[in-house]
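The values are calculated or read from the model by the stated rules, or taken from the named source; none is laboratory data. For clarity, every value in this text was computed on a predicted model and none was experimentally measured. As a convention, Cβ positions derive from the backbone with ideal geometry for all residues, glycine included, and neighbour counts pool all protein chains shown.
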Amino acid sequence: MAEILVLVEHVDGEVKKVTLELLTLARSLGSPSAVWAGPGYSAEAKARLAEFGAEKVYVADAADLHDYLVAPKAELLAQLVSSAAPAAVLVAATAESKEVAGRLAIKTGSGVITDAVGLGDGFVAEQSIFGGGVNVRSKVGRGTPIFAVRPNATTPEASTGAAAEEPVSVSVSDAAKVSKVVERVKEEKGARPELTEAAIVVSGGRGVGSAENFSVIERLADSLGAAVGASRAATDAGWYPHQFQVGQTGKTVSPQLYIAAGISGAIQHRAGMQTAKTIVAINKDPEAPIFELADFGVVGDLNQVVPQLTEEIEKRR
């Protein structure tokens, strides 16, 4: 089977969920080979990659891949594309990895597709473009296809692979070292999952009414083990931090379940969440655009509906 490179997303040696999704997707198209860039590789990491089907693991644990910004990773992947001649390269559609994908495309003279939500036979990608107004199917016409795939676009499924290790020595050019990481500050992680990786997201909008009322949204999210999101109107009003904004100018999410409470459904917000598998809308305005997109809708005051929903969920836990 054709080899497919998957760039591993990892933090402190822990493989992130989006990598397991990419390995699952790669298995449907060929033989997955994980690419580990930077320090932190361990027996535990190998076992995790093997669990989800990695047949090979290219291990490049040079400090340069961690100490400088994205350019060294692009050089590593370009080297592997040249030596291994893979059928495709998959990365996560995160801010950093999308830049890696763009740099890799230039280095290899290849086409790149970002924000893919699916890949089919012949490496045809599914995308949502123009602010979510159009769904298209795209294909790379030149070089080694490079795809940046949105987190939660694929459900990770375990399937044991050999995970045969192959050490890789990479010589990082001086040009790739012009931007050096001088400090890393570890953000305190709460109990909730990361917004872009969460399987369930509960978002609040202008209809929440105030920063204090966002506790209603948080309680529902906690009852579901979900992440909390917010519309641009809510974050601009100062009701919730901007890093939780979902939308065209915020974060893009693609969870299994998205609950939009008090969100009208303007195109700016829809662009960031409309690829969710199931969408539930709660809004007191029956003409709100969000209902055009929703799989299930509740017309009512969120301050009455959401607490009742939370109570019922907690009863069934």
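The table below gives the values:
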quantity: Selection within segment 21-54 - buried (at least 24 other Cβ atoms within 10 Å of the Cβ) and of a type in the set (Asp, Glu); calculated: Glu21
quantity: Filter result for Glu183 (over 18 Å from Lys251 (Cα atoms), of a type in the set (Asp, Glu) and out of contact with any Asp or Glu (no Cβ under 7 Å at 6 or more places or on another chain)); calculated: yes
quantity: Matching residues in segment 240-249 - criterion: being part of a loop (DSSP other than H, G, I, E, B) and either modelled with pLDDT of 90 or more or of a type in the set (Phe, Trp, Tyr) (or both); calculated: Tyr240, Pro241, Gly247
quantity: When residues of segment 149-158 are limited to those that are over 11 Å from Val18 (Cβ atoms) and touching a helix residue (DSSP H, G or I) at 6+ places or on another chain (Cβ under 6 Å), the one surrounded by the fewest Cβ atoms within 10 Å (Cβ to Cβ); calculated: Ala158
quantity: From Ala153, Ala162, Ala158, Ala211, residue being assigned to a loop (DSSP other than H, G, I, E, B) and in the same structural domain as Gln268 (by TED's automatic domain parsing); calculated: Ala211
quantity: Considering residues of segment 95-115 that are closer than 17 Å to Thr19 by Cβ and surrounded by fewer than 20 Cβ atoms within 10 Å (Cβ to Cβ) only, the residue modelled with the lowest pLDDT; calculated: Ala95
quantity: Filter pass, Gly250 being on the phi > 0 side of the Ramachandran plot and within 27 Å of the chain's Cα centre (by Cα); calculated: no
quantity: Pairs where the first residue, in segment 63-78, is closer than 14 Å to Val35 by Cα and the second is acidic (Asp, Glu) and surrounded by 22 or more Cβ atoms within 10 Å (Cβ to Cβ), C-beta under 8 Å, 6+ apart; calculated: none
quantity: Residue list for segment 79-96, restricted to those being in contact (Cβ under 8 Å) with a residue 12 or more places away in the chain and within 19 Å of Pro255 (Cβ to Cβ); calculated: Ala92, Ala93, Thr94
quantity: Helices (runs of 4 or more DSSP H) contained entirely in segment 256-317, each with at least 3 residues that are surrounded by fewer than 19 Cβ atoms within 10 Å (Cβ to Cβ) and either touching a residue at least 60 places away in the same chain (Cβ under 8 Å) or assigned by TED's automatic domain parsing to the domain that holds Arg219 (or both); calculated: 302-316
quantity: Extreme residue, surrounded by the most Cβ atoms within 10 Å (Cβ to Cβ), among residues of segment 125-144 that are polar (S, T, N, Q) and touching a residue at least 40 places away in the same chain (Cβ under 8 Å); calculated: Thr144
quantity: Subset tally (residues that are on the phi > 0 side of the Ramachandran plot and of a type in the set (Lys, Arg)) for segment 91-138; calculated: 0
quantity: Residue that is nearest to Val81 (Cα to Cα) [pool: residues in segment 7-60 that are in a helix (DSSP H, G or I) and among the acidic types (Asp, Glu)]; calculated: Glu21
quantity: Residue within segment 83-94 that is modelled with pLDDT of 95 or more, part of a strand (DSSP E or B), of a type in the set (Val, Ile, Thr) and buried (at least 20 other Cβ atoms within 10 Å of the Cβ) present; calculated: yes
quantity: Among (1) outside any loop (DSSP other than H, G, I, E, B); (2) surrounded by fewer than 10 Cβ atoms within 10 Å (Cβ to Cβ); (3) touching a residue at least 40 places away in the same chain (Cβ under 8 Å); (4) small (Gly, Ala, Ser), the one test that Gly122 misses; calculated: (3)
